[in-house]
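Heads up: the structure comes next, in structure tokens.
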């Protein structure tokens, strides 16, 4: 489910009804006289304007022919020679390699991209993080990882107004805890004689504001 944020400020409450028509009826009334313990409060009700929410699908494709290589040692040899040595090294079948089609090497970053000729040849590197590299009489361990392509699909932006929820403002300072105030709000707004109905949820904040989340 997509989650959409809403900023609930001090001395405000969100009141969600089971039926959409109840919330819409109360919003049209605008003001309510509510008994809160020993206080009678004039509270206003407004539509709940939601922030923006985003929904998307993330598709990751793992290449079967290409791997990325890093931690290539910096050696005093030309880049062309290093490309050749990488190609020879990754063609060794005993280490899971295969015939190499192309090597793209960047000396400055110490990274390379190796493309194999046979589809699926890169699959043997999916579960291994290191690969032996022998050059000029020395042995090194290169970091290897499969080449991936990330696609973002079905991007949707959500917003608008929650039709079942009203925002209550103007709640006076209360000595009671938040749960007690929520109970008082429920008692008032669940009565049909006051335009109310069955309540799904109440969230009241007496102190610092909070961020609440609506599910699309």
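The values are calculated or read from the model by the stated rules, or taken from the named source; none is laboratory data. Everything numeric in this text was worked out from a predicted model, so none of it was measured. Every residue, glycine among them, receives a Cβ derived from its backbone with ideal geometry; neighbour counts consider all protein chains shown.
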Problem set entry | Yes/no for residue 170 being under 30 Å from residue 87 (Cβ atoms), modelled with pLDDT of 85 or more and surrounded by fewer than 17 Cβ atoms within 10 Å (Cβ to Cβ) | no
Problem set entry | Hey, residue 155 surrounded by 15 or more Cβ atoms within 10 Å (Cβ to Cβ) and in a strand (DSSP E or B) or not | no
Seminar exercise, completed: Considering only strands (runs of 3 or more DSSP E) wholly within region 1-105, the ones with at least 3 residues that are under 30 Å from residue 125 (Cα atoms) are 39-70
Problem set entry | Test: residue 45 is in the same structural domain as residue 169 (by TED's automatic domain parsing), surrounded by 15 or more Cβ atoms within 10 Å (Cβ to Cβ) and in contact (Cβ under 8 Å) with a residue 40 or more places away in the chain | yes
Exercise. Pick from 98, 120, 110, 137: which is under 28 Å from residue 58 (Cβ atoms), assigned by TED's automatic domain parsing to the domain that holds residue 66 and either surrounded by 12 or more Cβ atoms within 10 Å (Cβ to Cβ) or free of Cβ contacts under 8 Å to residues at least 60 places away in the same chain (or both)?
Worked result: 120
Exercise. Which ones in region 48-80 are more than 40 Å from the chain's Cα centre (by Cα) and surrounded by 13 or more Cβ atoms within 10 Å (Cβ to Cβ)?
Worked result: 75, 77
Exercise. Which condition number in (1) in contact with a strand residue (DSSP E or B) (Cβ under 9 Å, 6 or more places away or on another chain); (2) surrounded by 14 or more Cβ atoms within 10 Å (Cβ to Cβ) is the one that residue 210 fails?
Worked result: (2)
Problem set entry | Positions within region 186-214 being part of a helix (DSSP H, G or I), within 22 Å of residue 176 (Cα to Cα) and in contact with a helix residue (DSSP H, G or I) (Cβ under 9 Å, 6 or more places away or on another chain), in sequence order | 188, 189
For this session: Of the conditions (1) modelled with pLDDT under 85; (2) more than 33 Å from the chain's Cα centre (by Cα), residue 156 clears all except one; give me its number.
Result: (2)
